[in-house]
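> Dropping a structure here in structure tokens format, bear with me for questions.
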Amino acid sequence: MAIKNICCIGAGYVGGPTMAVIAQKCPDINITVVDINEARIIAWNDDDLTKLPVFEPGLDSIVRETRGKNLFFSTDVDAAIDRAEMIFISVNTPTKTYGKGKGMAADLKYIELCARQIAKISKNDKIVVEKSTLPVRTASTIKSILDNTGNNVKYQILSNPEFLAEGTAVEDLLQPDRVLIGGDTTIEGERAVAELVDIYSNWVPKEKILTTNVWSSELSKLTANAFLAQRVSSINAMSVICERTGADVYEVAKAIGMDSRIGSKFLKPSVGFGGSCFQKDILNLVYIAKSYGLDEVANYWEGVVEMNNYQKNRFSDKIITTMYNTVSGKKITFFGWAFKKDTNDTRESPAIQVADNLLNEQAQISVFDPKVDQDQVYKDLNLLNTRDPETNLKLVKVLESPYEAIIGSHAVAILTEWEEFRHYDWNKIYESMLKPAFVFDGRGIVDVNNLKSIGFSVYKIGAGNPVN
Ligand SMILES: NC(=O)c1ccc[n+]([C@@H]2O[C@H](COP(=O)([O-])OP(=O)(O)OC[C@H]3O[C@@H](n4cnc5c(N)ncnc54)[C@H](O)[C@@H]3O)[C@@H](O)[C@H]2O)c1
Ligand SMILES: O=c1ccn([C@@H]2O[C@H](COP(=O)(O)OP(=O)(O)O[C@H]3O[C@H](CO)[C@@H](O)[C@H](O)[C@H]3O)[C@@H](O)[C@H]2O)c(=O)[nH]1
């Protein structure tokens, strides 16, 4: 059986781009991406491609090429499930905010709802693919729901975790380091795995398609994110030592990165990692370890998140102490709000925590981010529930131009590494700021000597150069 119809449940940062690329590479397969969020589906169908709900370089042209041909976005979940031979589940799996495992475990309610809906609708055999990031052994939960509430149709559950990073999603999908597919080791299981391998083989070299058992595949995803986040926390831990000793973390990163056993990637010091995945997935891993009574393992990984929280708070503390121990009534301009460059995603962005800390000290904040709008900034701050929305509205302004945002500021804080920040007219910025004019670079992107020659006092994370 060659797959002719795919349904993807969840039209988010993963579902949208992943299906767009499959549609482009497999013109003979009809793909319907469904979501219960009607506004999101409307945005995916917008003629104006700048309004797509997910900003990713290169995504608009793939959607232009495929949408309406073999790629469709719809709110009719039932019809798409019914039609499909293969169903990807790509819904959100956030950290639980209630009950047992609150603040740690993955909330699987959306996964379970999908499984129940698939069971209710399906009248012929289906391959169900876990695309969402899930705790190890979730496939058995899905299988149990499907088998016990379904219409006696046969299901194969595959695990096919997604490794794309935001901002480079299209590139990562077109040229993945590997594709991982976990399936049952039965004949039916192997057949289902082969169907999915066939789909990816349209553009991914065979040697990069790795097949494993389901549990290894599920756990590899959490492991990959834990290792990646651990690298960021490790280099951030060294950034503090560099600042205290006069060593330069960028030189240290280069020196260790040339060791082929360590490798040079993912060693950029920062104000902390953000994004919807790292913290959530590590906490999920910590919860799994604890649930097996493996407290030492749990504590080991929890340290990665603790280090990250320390780094975020350390940055806001640095701003406060440098600005003569008070930021009350002072205007601080944030360059960047997204959790990394080239995305409009702000989930768990370090900017949110840094802003919250500074607002607690009665600072006034103006924000400029090339891709994040005002509503999102207020939404992120209000979600913290630290103060009432009116106060956030009063203390925080979101501007559409960096040069407008900066007028009358005491300091600039760089929270996202957008390329354009490097090329701003820093002389002009200096002119419109109060003096002394401070720059706090949480992403290591500025040329310290150049800014100092203009007149700025500069702090660059990990650079071992005390502000002067
Ligand atoms: N964002 C990433 O870069 C990334 C990368 C790899 C893996 N992941 C994982 O992929 C999963 C999805 O992440 P995301 O960032 O795309 O999330 P998202 O929040 O952007 O999208 C999920 C979508 O699923 C929809 N949804 C939830 N329940 C539904 C239901 N019952 N029926 C139909 N639609 C439903 C939501 O409305 C939402 O639009 C998560 O498990 C995440 O950990 C994310
Ligand atoms: O050297 C580095 C690399 C990253 N970061 C920060 O770490 C966070 C995460 O960055 P990145 O991993 O590039 O983006 P994500 O989109 O969160 O992607 C991660 O999370 C996804 C969701 O699970 C996985 O699919 C990807 O493989 C994994 O890289 C961001 O805040 C980055 O600024 C650093 O501070 N220093």
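The values are calculated or read from the model by the stated rules, or taken from the named source; none is laboratory data. Fair warning: this is a prediction, and the values are worked out from it, not measured in the lab. Positions of Cβ are backbone-derived with ideal geometry, glycine not excepted, and every protein chain shown enters the neighbour counts. When the accessible area is computed, the model is the full protein with side chains, heavy atoms only, and any ligands, DNA or RNA have been set aside. Shrake-Rupley method; radii C 1.70, N 1.55, O 1.52, S 1.80 Å.
> Filter segment 27-49 down to the residues that are of a type outside the set (A, V, I, L, M, F, W, C), within 16 Å of ligand 1 (Cβ to nearest atom) and crowded, with 18+ Cβ neighbours inside 10 Å and list them by number.
Of everything in segment 27-49, those that are of a type outside the set (A, V, I, L, M, F, W, C), within 16 Å of ligand 1 (Cβ to nearest atom) and crowded, with 18+ Cβ neighbours inside 10 Å turn out to be Thr32, Asp35, Arg40.
> Could you go through segment 22-30 and let me know if any residue there is outside any strand (DSSP E or B), touching a Leu at 6+ places or on another chain (Cβ under 6 Å) and either within 16 Å of ligand 2 (Cβ to nearest atom) or in contact (Cβ under 8 Å) with a residue 24 or more places away in the chain (or both).
Yes, segment 22-30 contains at least one residue that is outside any strand (DSSP E or B), touching a Leu at 6+ places or on another chain (Cβ under 6 Å) and either within 16 Å of ligand 2 (Cβ to nearest atom) or in contact (Cβ under 8 Å) with a residue 24 or more places away in the chain (or both).
> What is the residue count in segment 158-184 for residues that are open to solvent by 10 Å² or more (accessible area, probe 1.4 Å), more than 15 Å from ligand 1 (Cβ to nearest atom) and in contact with a Gly (Cβ under 9 Å, 6 or more places away or on another chain)?
1
> If Leu52 meets every condition in (1) touching a strand residue (DSSP E or B) at 6+ places or on another chain (Cβ under 9 Å); (2) within 16 Å of ligand 1 (Cβ to nearest atom) apart from one, which number is that one?
Exception for Leu52: condition (1).
> Follow-up. Restricting attention to segment 88-97, does a residue exist that is among the aliphatic types (A, V, I, L, M) and more than 9 Å from ligand 1 (Cβ to nearest atom)?
Within segment 88-97, not a single residue is among the aliphatic types (A, V, I, L, M) and more than 9 Å from ligand 1 (Cβ to nearest atom).
> Looking at Lys69, Lys109, which one is modelled with pLDDT of 95 or more, open to solvent by 60 Å² or more (accessible area, probe 1.4 Å) and under 26 Å from Thr168 (Cβ atoms)?
Lys69
> Right, something else. Return only the number of the condition from (1) within 25 Å of Ile241 (Cα to Cα); (2) buried (at least 19 other Cβ atoms within 10 Å of the Cβ); (3) polar (S, T, N, Q) that Thr321 does not satisfy.
Result: Thr321 fails condition (2) only.
> Restricting to segment 335-355, give me the number of residues that are over 9 Å from the mean Cα position of the chain (by Cα), open to solvent by 10 Å² or more (accessible area, probe 1.4 Å) and modelled with pLDDT of 95 or more.
3
> Of the conditions (1) open to solvent by 70 Å² or more (accessible area, probe 1.4 Å); (2) under 27 Å from the mean Cα position of the chain (by Cα), Glu207 clears all except one; give me its number.
Glu207 satisfies all of (1) open to solvent by 70 Å² or more (accessible area, probe 1.4 Å); (2) under 27 Å from the mean Cα position of the chain (by Cα) except (2).
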